[in-house]
Amino acid sequence: MQLFQLEGKTALVTGGAGIYGVHIVRALAEAGAHVMVASRDTRKCRTLAEELRAEGLHAEAAALDLTSEASIRGLREKILGDHGHLDVLVNNAVARCGGDLRHMSPAEWETAMKVNSTGLFLSCQIFSEPMQQARSGSIINIASIYGMVGPDFTIYEGTEVSNPVNYAFAKGGMINLTRYLASFLAPFRVRVNSLSPGGFHNQDTPPEFESNYSRRTPLRRMADADDLKGPVVFLASEASRYVTGQNLPVDGGWTAI
């Protein structure tokens, strides 16, 4: 079990107070890492970090704007100045805007891509530099089943939920960027993998959508917090030390059929 431990490691989770982020942050902190909870919404980040510290875990909030190269570089320097190293990067932040093919404007597309494409690239480029120097590190990109397969639009019928066209583009690109980075960074002993969740249950999930989604999924349910935590710790830790360039679906079997 020591392979799964993250004591002494510094981890950064972008979008750390988001729907997936709160559970990713908690998983890494429970495994022993000091976790930087980063996003533009520093209030939510502080609230989560304070909650974890009250439980005896190690976490702190940080401001991060992925549309600003200066913000990304500033956070890297803060992490190195305060902790001396960065061991785990989880690219979880995502800009959600726009609708399907008929309901997406060019302006909305460009707004989303500033975070989901350019921001992702800059995050990988800038935060991987100290990992390259240290000859150690793990980068985890939070992708999606919709980066792997096309959406089943029947599950949205009768609901107010839709699937944005830019999301498929961004997540598909993220998965192949993962393969590129794994190949490029392998000589520096930096591993890069992606994790592709399926539908995730939260308090705002419309009941009719959850019912439609669950019927389509072999395990007959949406994912919950504990379904994400194990895979994230696996990819962050030495338990996956010979795994790089892979995309791990966590989808209840959705992409198997």
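The values are calculated or read from the model by the stated rules, or taken from the named source; none is laboratory data. None of the values given here were measured: they were computed from a predicted structure. Cβ: placed from backbone, ideal geometry, glycine included. Neighbour counts: every protein chain shown. Just so you know, the surface numbers come from the protein's heavy atoms only, side chains and all, with ligands and any DNA or RNA stripped out. Shrake-Rupley method; radii C 1.70, N 1.55, O 1.52, S 1.80 Å.
Of note:
- Label corresponding to Kirkwood radius over Cα pairs in Å when calculated from the structure given, among (i) 18.5; (ii) 19.3; (iii) 21.2: (i)
- Extended-chain gain in nm, criterion 0.36 nm per residue less alpha-carbon gap, residue 243 and residue 125: 40.4 nm
- Percent carbon-and-sulfur accessible area, the range 136-237, ignoring ligands, DNA and RNA, probe 1.4 Å: 55
- Extending 7 Å from the Cα toward the beta-carbon at both residue 215 and residue 180 defines two label points whose distance is 4.1 nm.
- Element breakdown for the range 12-127 at a 1.4 angstrom probe: carbon and sulfur atoms account for 52% of the accessible area.
- Measuring against 24 Å, Cα to Cα, the residue pairs 9/78; 78/229; 9/229 contain 78/229 as the ones spanning a longer distance.
- The GluC sites (Glu not before Pro) found in the range 160-257 that occupy coil by DSSP, while having at most 10 further C-beta atoms within 10 Å, are 160.
- Estimated [θ] at 222 nm from DSSP helical runs (n ≥ 4, -39500 (n - 2.57)) normalised by residues in the chain, nearest 500: -13000 deg cm²/dmol
- Folded to 0 to 90 degrees: helix 120-134 orientation relative to the chain principal axis, Cα: 30
- Taking 0.36 nm per residue of separation and subtracting the current Cα-Cα distance, fully stretching the chain between residue 85 and residue 73 would add 2.9 nm.
- Accessible area per residue for the range 81-191 is 48 Å², calculated with a 1.4 Å probe on protein heavy atoms, without ligands, DNA or RNA.
- For the chain, with +1 on Lys and Arg beta carbons and -1 on Asp and Glu, the positive-most of 235, 128, 64 along the dipole: 128
- Given +1 at the Cβ of Lys and Arg, -1 at the Cβ of Asp and Glu and no other charges, the dipole of the range 88-212 around its Cα centre is 840 debye to the nearest 20.
- The slack in the chain from residue 96 to residue 204, taken as 0.36 nm per residue of separation less the alpha-carbon distance, amounts to 37.4 nm.
- For the range 219-247, backbone nitrogen atoms closer than 18 Å to the point 7 Å from residue 152 Cα along Cα-to-C-beta are found at 219-224.
- Residue 2 versus residue 114: modelled label distance in nm, points set 7 Å from Cα along the beta carbon direction: 4.8
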